[in-house]
1. Based on the mean of other Cβ atoms within 10 Å per residue, sort peptides 49-57, 296-304 so the most packed one is first.
2. For a quick check of understanding: with a 1.4 angstrom probe and all protein chains in place, what accessible area in square angstrom does residue 30 have, to the nearest ten?
3. Could you sort 107-115, 176-184 so that the peptide with the highest average Cβ count within 10 Å comes first and the rest follow in order?
4. Once you have a ≥ b ≥ c as the square roots of the Cα gyration tensor eigenvalues for the stretch 306-388, tell me rounded if a/c is under 1.5, and otherwise prolate or oblate according to whether a/b is larger than b/c.
5. Working with all protein chains in place, sort 370, 168 by solvent-accessible area computed with a 1.4 Å probe, largest first.
Amino acid sequence: MSNLGGRTERLLPARSVWSTSMVWWHVGFYTALASIACLAVLGQPQTPGTPWVLAAMVLLCTVYPFLTRAKDLRTRRPAVYVALLVTVVVFLAFVHDGAGALLFVAFPQVWMFSASQRQGVVATAVLCLGVAAGQISRWGLGLEVYGITAQLVTSFVASCMIGLWISKVIEQSEQRAELLAELAATRADLNAAEQARGALVERERMAREIHDTLAQGFTSIAMLSEAAQAQLRREGPAELKGTLEFISRTARDNLAEARSLVASGIATDVQGGDLLAALRRLPQNLHLEDVRLSIDVPDTLPALSSAEQVALLRTAQEALNNVRRHSGAANAWLEIRTEAAAAPPRLRLTVRDDGQGFDPAADRGGFGLKSMAARLDEIGGQLRVESSGTGTLLTAVVPVALPAQALPGQQPGGQDLQQESAP
């Protein structure tokens, strides 16, 4: 914010007191000048000072629109107008008896256009002293001096009191207007930031979806294509039928997955809520090649939302893809159980292999484990990975709401969820 002559330039809304009230100030000003001009011409005998009164009215009417525009209130132009107004009124006090009537115009405008309260008090004092000096010079020293002095002292005190009070009210109104404008600007910034954050979250979600679905499928297609090329070189075209069928099915599955992501964001494997069926199809869909996969799932599960089903399915898919690509395992086991006795009740998904293992604490630069952990965190779940030279155990735990009676296939047991921290 800048400060010029004591007036602080604030962030004002479109309908601040300066913009909404200036029209009425203009109407009042021109009405007062017209009344004083009519009084000088028609209400009093003509004197040599009458033309000066009319000239003063014309001068003020001419310069007023150019020195008091709302867009110039933070410049020195209003101060120039106040100085000119005081000079004109004081001058007329020396040449015309009715110049005192201009005080009704001068006092409000002094406080309206002064850059600070101090300048308003100084301009009011100069105005009162100048008019008093002009009237005394015209009427001479006599009994009128006391009346003139009392009148102008009263006018000065009343003008300062009213002016200071009005200035304080306007200042408070402008402060409130500034706060409202800043609040609106802050709200707009927060809105924009929230939209940007939402876009970032959506991009991260889409990155996880693509990594866990399309990228894995395309990897399978690439591996199957390489296997088909090797078979072609080794065994000839007749042996390629099965491999090409795998490639075709994988491509169709990825096409369906892409359309699902575009249409609704719900995995095609769990559309309709059949998570268990999607898990049982994993050995056929993932093309694990030399890895023998055993699936152990119950007949029923507690009610799960679409987000929870997708998170569990993607966790299982990503874990098994990691087994195929990195573990060197011959066997893998997938198991899902409902633990009704835990507090709170939870669903536990485990994927285990007998591969070479790895160090879970090492930063391998991959996206898979981070993606699984992020998915589970979004639904209030947790991910734990344990690995050694004899294999890897991945555990995903998701809290669930159980009905009053336990469902078939549920097994009690397990430690408290809060105690399951990664080793």
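1. Highest to lowest by the protection proxy: 49-57, 296-304.
2. The value for residue 30 is about 90 Å².
3. Working: 107-115: 22.2, 176-184: 14.2.
Going by the mean number of other Cβ atoms within 10 Å, highest first, we get 107-115, 176-184.
4. Verdict is prolate for the stretch 306-388.
5. Largest accessible area first, the list is 370, 168.
The values are calculated or read from the model by the stated rules, or taken from the named source; none is laboratory data. All values derive from a computational prediction rather than experimental measurement. Using ideal geometry, Cβ is built from the backbone for each residue, glycine included, and neighbour counts are taken over all protein chains shown. When the accessible area is computed, the model is the full protein with side chains, heavy atoms only, and any ligands, DNA or RNA have been set aside. Shrake-Rupley method; radii C 1.70, N 1.55, O 1.52, S 1.80 Å.
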